[in-house]
Amino acid sequence: MASMALNSPSANHFVNDGYASFSRVRLCSFSFESSLYGCKIPKRQLSLSVNETRTTRPKPACYSGSEPVKASSHSFDVVIVGAGIIGLTIARQFLIGSDLSVAVVDKAIPCSGATGAGQGYIWMVHKNPGSQTWELTKRSHQLWKRLAETIRDQGMDPLQVLGWKRTGSLLVGRTPGDSMMLRERVRQLSEAGLTAEYLSSNELLSVEPALLVGSDGGAAFVPGDCQLDALRTVAYIEKVNRSFTLEGRYAEFYHEPVTGLERSTSSGKVEAIRTSNNTLYGKAVVVAAGCWSRSLMHDLFGGSNVKLDVLVKPRKGHLLVLENFNSLQLNHGLMEVGYVDYENAILPSGLNDQSQTLSVSMTATMDTMGNLILGSSRQFAGFSTEVEDSIILHIWKRAGDFIPKLKELSLKNFMKNRKVRVGLRPYMPDGKPVIGHVPGLSNMFLATGHEGGGLSMALGTAEMVVDMVLGNPPHVDNSPFAAQGRCC
Ligand SMILES: Cc1cc2nc3c(=O)[nH]c(=O)nc-3n(C[C@H](O)[C@H](O)[C@H](O)COP(=O)(O)OP(=O)(O)OC[C@H]3O[C@@H](n4cnc5c(N)ncnc54)[C@H](O)[C@@H]3O)c2cc1C
């Protein structure tokens with residue numbers, strides 16, 4: 001049964017007894033400073049620029065959790081659809097950076113989408129300087145690093161809290177052609193201001209003894225690249241968000257698929273999101289529903305005057321996790337250079353899903369628990385998240401091509417402590433996310449289509465969305481991500 005997700009027996013949630021509204025151009029303008037949970041927000045004036053009717057602040061009310069939740073109305077400043085890394089970090093950014101109230105809705109629970117499968121690379125080495133996602137990714141990494149530092153400043157260990165490790169990244173190749181390409185990449189990354197270095201086959205052997213690339217091979221090395229653990233990070237972000245529950249600024253509605261919306265009969269603007277259990281009024285609505293965003297928007301606007309087609313589609317990925325792996329040690333995160341081509345592959349128009357072949361590129365990391373995580377596959381297979389054993393075998397074999405020790409081991413021996421993660425990356429055919437308002441609807445925003453980089457780009461995306469909603473000057477040019485011209 002769908003229910004409102006409450007966080008602790010004593011947690012409050014909001015009921016709307018007497019939904020009221022009043023006209024206001026500017027919702028709030030105030031100074032705010034917080035150092036809560038790893039967030040030091042400089043004093044600044046914030047103002048919600050979405051120019052329409054404001055809902056009242058939700059009123060906290062006690063909820064025992066034992067009564068069935070009845071269909072009812074609640075009002076918030078911002079309603080976010082999707083509790084993946086994108087939706088949750090947007091919620092966090094509103095909570096720590098403004099005094100707006102936020103509701104997060106999900107058809108299931110956090111990490112049930114792509115986020116739960118993510119390997120956790122917060123990497124620049126495989127990004128192309130000058131590409132349209134470069135600045136957003138760079139900004140986002142700054143924010144992740146800042147968050148990790150602040151957590152440390154507050155006496156906590158980012159390794160424990162986020163699974164945060166500054167491992168450095170090795171983008172590796174085995175042929176003379178790969179090596180030439182990697183040298184060129186190092187040159188470009190250095191020119192773009194990053195510390196990057198080319199490592200020859202021999203140099204690689206001394207820094208990463210388990211890795212073998214052959215005498216012609218080499219690697220691009222970016223020592224500043226990091227990794228996080230998606231599950232720990234989400235747990236931390238949820239904790240931050242939930243710390244705003246008691247002051248009446250945050251609520252979660254999990255296991256509640258969004259089923260419809262309400263629009264103003266006069267202006268056509270979106271006023272509320274309907275879920276299976278509730279109607280959630282919001283001054284602004286953000287859809288961060290990952291690869292489901294296209295069908296959701298179709299369902300919400302089908303037959304209306306809003307003509308929109310968010311071309312995001314699911315790109316299935318498998319990861320193989322070998323728990324408590326002690327047969328070898330990895331000092332860095334690894335990725336084979338072929339991954340870059342597959343990540344950036346743009347679906348030629350006219351090709352259908354089935355015409356896309358499976359690709360498997362070696363990625364390998366050790367996480368904070370000593371698990372070896374091997375990846376990864378990419379394929380268009382609709383919305384299926386079924387584990388495919390043939391793909392797992394493929395991943396294992398590919399990893400063995402780079403990490404010879406694995407060839408001495410049999411995957412069968414790991415049946416007990418083997419886990420497989422499958423996720424659907426939200427793929428956009430033009431290779432960049434959609435972050436911006438729905439054309440024609442100034443109070444409804446999209447944040448989706450991050451494909452294989454959603455963890456990496458999350459904090460930058462969250463900042464971008466919040467800046468848009470509040471009317472702040474953007475930290476990063478947001479025009480490449482606009483829905484206008486791409487989704488309609
Ligand atoms: C194998 C694999 C490895 C990856 N590795 C990395 C990596 O190393 N680094 C990196 O940066 N990224 C990585 N990614 C990509 C990253 O995981 C995604 O880009 C990111 O998780 C997308 O987040 P999201 O919040 O947009 O989507 P999701 O996590 O999919 O969240 C969307 C949410 O929307 C909810 N939803 C959908 N429809 C509805 C509805 N109708 N009503 C209510 N809720 C709804 C879903 O239940 C879901 O919880 C990887 C992905 C995979 C699959």
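The values are calculated or read from the model by the stated rules, or taken from the named source; none is laboratory data. Quantities reported herein were computed from a predicted structural model and do not represent experimental measurements. FYI the Cβ positions are ideal-geometry reconstructions off the backbone, even for glycines, and counts take in every protein chain you see.
Give region 139-170 a look and list any residue that's assigned to a strand (DSSP E or B) and away from the ligand (no atom under 13 Å from the Cβ), or say none. It would help to see each step written out before you state the result.
First, the residues of region 139-170 that are assigned to a strand (DSSP E or B): 165, 169-170.
Hit for region 139-170 is LEU170, nothing else.
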Check: Quick one: in region 296-329, which of the residues that are more than 9 Å from the ligand (Cβ to nearest atom) and of a type in the set (Lys, Arg) is nearest to SER266 (Cα to Cα)?
Finding: LYS307
Next item on the list: Might you check whether a residue that is under 22 Å from the mean Cα position of the chain (by Cα) and part of a strand (DSSP E or B) occurs anywhere in region 404-418?
Entry: no
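Yes/no matrix, rows are residues, columns are (1) surrounded by 24 or more Cβ atoms within 10 Å (Cβ to Cβ); (2) within 28 Å of HIS141 (Cα to Cα):
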| position | (1), (2) |
| --- | --- |
| GLU203 | no, yes |
| LEU212 | no, no |
| LEU228 | yes, yes |
| TYR254 | no, no |
Item checked: Matching option when the condition is closer than 29 Å to GLY338 by Cβ, in contact with a His (Cβ under 8 Å, 6 or more places away or on another chain) and surrounded by 14 or more Cβ atoms within 10 Å (Cβ to Cβ), among LEU182, LEU171, LEU189 -> LEU171
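Somewhere in region 243-251, is a residue assigned to a strand (DSSP E or B), modelled with pLDDT of 95 or more and away from the ligand (no atom under 16 Å from the Cβ)? Give the derivation first.
Taking region 243-251 and keeping what is assigned to a strand (DSSP E or B), we get 250-251.
Filter once more, keeping what is modelled with pLDDT of 95 or more: 250-251.
Checking the rest, the ones that are also away from the ligand (no atom under 16 Å from the Cβ) come to 250.
Scanning region 243-251 turns up at least one residue that is assigned to a strand (DSSP E or B), modelled with pLDDT of 95 or more and away from the ligand (no atom under 16 Å from the Cβ).
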Notebook entry, point to check: Is at least one residue of region 147-169 more than 14 Å from HIS126 (Cβ to Cβ), among the hydrophobic types (A, V, I, L, M, F, W, C), at pLDDT 95 or above and over 31 Å from the mean Cα position of the chain (by Cα)?
Noted result: no
Item checked: Failed condition for LEU261, given (1) surrounded by fewer than 19 Cβ atoms within 10 Å (Cβ to Cβ); (2) without any contact (Cβ under 8 Å) to a residue 60 or more places away in the chain -> (1)
Check: Is it the case that some residue within region 79-95 is farther than 21 Å from GLY449 by Cα and among the polar types (S, T, N, Q)?
Finding: no
Check: Out of the residues in region 414-445 that are of a type in the set (Lys, Arg) and more than 15 Å from the ligand (Cβ to nearest atom), which is surrounded by the most Cβ atoms within 10 Å (Cβ to Cβ)?
Finding: ARG418
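Here's the yes/no breakdown for (1) crowded, with 22+ Cβ neighbours inside 10 Å; (2) at positive phi; (3) among the charged types (D, E, K, R):
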residue: SER276; (1), (2), (3): no, no, no
residue: LYS283; (1), (2), (3): yes, no, yes
residue: VAL287; (1), (2), (3): yes, no, no
residue: TRP292; (1), (2), (3): yes, no, no
residue: PHE301; (1), (2), (3): no, no, no
residue: SER304; (1), (2), (3): no, no, no
Check: Residues of region 80-105 being crowded, with 24+ Cβ neighbours inside 10 Å, of a type in the set (Val, Ile, Thr) and more than 6 Å from the ligand (Cβ to nearest atom), which ones?
Finding: ILE80, THR89, ILE90, VAL102, VAL104
Check: Which condition breaks for ALA458 when tested against (1) outside any loop (DSSP other than H, G, I, E, B); (2) surrounded by fewer than 22 Cβ atoms within 10 Å (Cβ to Cβ); (3) outside the structural domain of LEU319 (by TED's automatic domain parsing)?
Finding: (2)
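Identify the residue in region 200-228 that is part of a loop (DSSP other than H, G, I, E, B) and among the acidic types (Asp, Glu) and, among all such residues, is farthest from GLY120 (Cα to Cα). Working first, answer last.
So the first thing to find is which residues in region 200-228 are part of a loop (DSSP other than H, G, I, E, B), and the list is 208-217, 223-225, 228.
Among the residues that remain, those that are also among the acidic types (Asp, Glu) are: 208, 216, 225.
On the way: GLU208: 20, ASP216: 29, ASP225: 11 Å.
Ranking the qualifying residues of region 200-228, first place goes to ASP216.
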Notebook entry, point to check: Consider SER215 against the criteria (1) touching a residue at least 40 places away in the same chain (Cβ under 8 Å); (2) outside the structural domain of ASP99 (by TED's automatic domain parsing): it satisfies all of them except one. Which criterion is unmet?
Noted result: (1)
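Go through region 106-138 and count every residue that is polar (S, T, N, Q), assigned to a loop (DSSP other than H, G, I, E, B) and within 6 Å of the ligand (Cβ to nearest atom).
Keep residues of region 106-138 that are polar (S, T, N, Q), which gives 112, 115, 119, 128, 131-133, 137.
This time we only want the ones that are assigned to a loop (DSSP other than H, G, I, E, B), so: 112, 119, 128, 131-133.
From what is left, the residues that are within 6 Å of the ligand (Cβ to nearest atom) are 112, 119.
So the count comes out to 2.
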